[in-house]
Every structure is written in C-alpha cells, then in structure tokens.
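Colleague: I have a structure I would like to understand better, so I am pasting it below and will then ask my questions one at a time.
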Amino acid sequence: MDNDGLITVSSAHPVAETIERLVAAATSAGMRVFARIDHAAAAAEVGMELRPTELVIIGSPRGGTPLMQDRQAAGIDLPLKALAWEDQDGRVWLTTNDVGWLARRHGLGESSGAAVAAVAAGLARVAAEAAGG
C-alpha cells in the first residue's frame, strides 16, 4: 500500500511487538527514539475503544538537519513517524511517511538530495526489520 505520501507494509507481528522491533532496529541503526504514543491506551483513558494503534517518533539529527538546512519548514515533518495499527480483520500494518514525498512537499533541492536518499533508505530498512518475519 502506498498513497498520499504514506507507505504501508504488512507486519508479521502484533502491534506492540512491531513497535518494540522498530525501536530496537532504529536504536541499532543509530537513530533516536523521541516518543512512543499508545493511541489505544489514550482512547481507553477517556472511555473510548480503539484497536491497537501505536506511534513512534524516531530520527537522527545527522539525517534530518540537512533537510532543514535546505528548507527549515521541513522540520514540521521531522523527526519521522511510524504507526503500527491493527485493522478490523486483525491484520497488523506499519505505516510511515514516504521521505521522497516529504522532499517534494517541502521543495527540497539538490543540496539535500543525498540526505533525503539516506533517510529514506534508513527508514525503509528499520520498517522492514520491524515488520518482517
């Protein structure tokens, strides 16, 4: 699945395990975990139901700073986010922003092209590791 700047892949693991695997892969790759948000737990706190849904905010100043040096407003989309969620059929998915789409959104130029490619490759790698079997 790939639409509107989002990349979604199937995960072979429950939501919480997908997120744990993502955190481990990101940390191992030298990324920083800035936040972890359990949307389902927050919904339960206000008496609402939500299937398992967790968000992790990850990144690296080494990767993101060149994007913001090119166009500082790119910082609205940084650090990167990954959302693990369970659909109505019990399947688990991992959704991330398409870094190429973010580059187009912010009009990033050649000066940050290598950084965009590196960030995209790093995000794809940790997402595949988190979702894989």
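Every number here is computed from the coordinates shown, using simple stated rules; none is lab data. Note that the structure is a prediction, hence the values are computed from the model and not measured. Glycine gets a Cβ as well: all are built from the backbone with ideal geometry, and neighbour counts include every protein chain shown.
Colleague: For the chain, what relative contact order do you get, as a whole percent, if you take Cα pairs closer than 8 Å and at least 6 residues apart?
Modeller: 34 percent
Colleague: Using θ = phi - 60° and the Karplus curve 6.51 cos²θ - 1.76 cosθ + 1.60, what whole-Hz ³J(HN,Hα) does each residue of the stretch 40-53 get, with Gly and Pro shown as x?
Modeller: Values per residue, Gly and Pro as x: 5, 5, 5, 4, 4, 4, 10, x, 10, 9, 8, 4, x, 8 Hz.
Colleague: Tell me the angle of helix 113-131 to the major Cα principal axis of the chain, expressed in degrees between 0 and 90 and rounded to the nearest ten.
Modeller: In the chain, helix 113-131 runs at an angle near 20 degrees to the longest axis.
Colleague: A further question follows. What distance in nm separates the simple spin-label points at ARG91 and ARG51, each placed 7 Å from Cα in the Cβ direction?
Modeller: My value for the distance between the label points is 1.0 nm.
Colleague: Using R₀ = 41 Å, calculate the FRET efficiency as 1/(1 + (r/R₀)^6) where r is the Cβ-Cβ separation of ALA24 and ALA73; round to 0.05.
Modeller: Efficiency, from the Cβ-Cβ distance: 0.85.
Colleague: Let me ask something additional. What's the Cα-based Rg to Rh of the stretch 2-131, Rh via Kirkwood?
Modeller: Working: Rg = 15.0 Å, Rh = 15.1 Å.
A ratio of 1.00.
Colleague: How far is helix 15-28 tilted off the main Cα axis of the chain, in degrees rounded to 10, range 0 to 90?
Modeller: So the inclination is approximately 30 degrees.
Colleague: If you don't mind, another one. Could you tell me the relative contact order of the stretch 1-75? Use alpha-carbon pairs under 8 Å, at least six residues apart, and round to a whole percent.
Modeller: Result for the stretch 1-75 is 25 percent.
Colleague: Additional query: Placing +1 at every Lys and Arg Cβ and -1 at every Asp and Glu Cβ, with all other atoms neutral, what dipole size does the stretch 33-133 have around its Cα centre, in debye to the nearest 20?
Modeller: 400 debye
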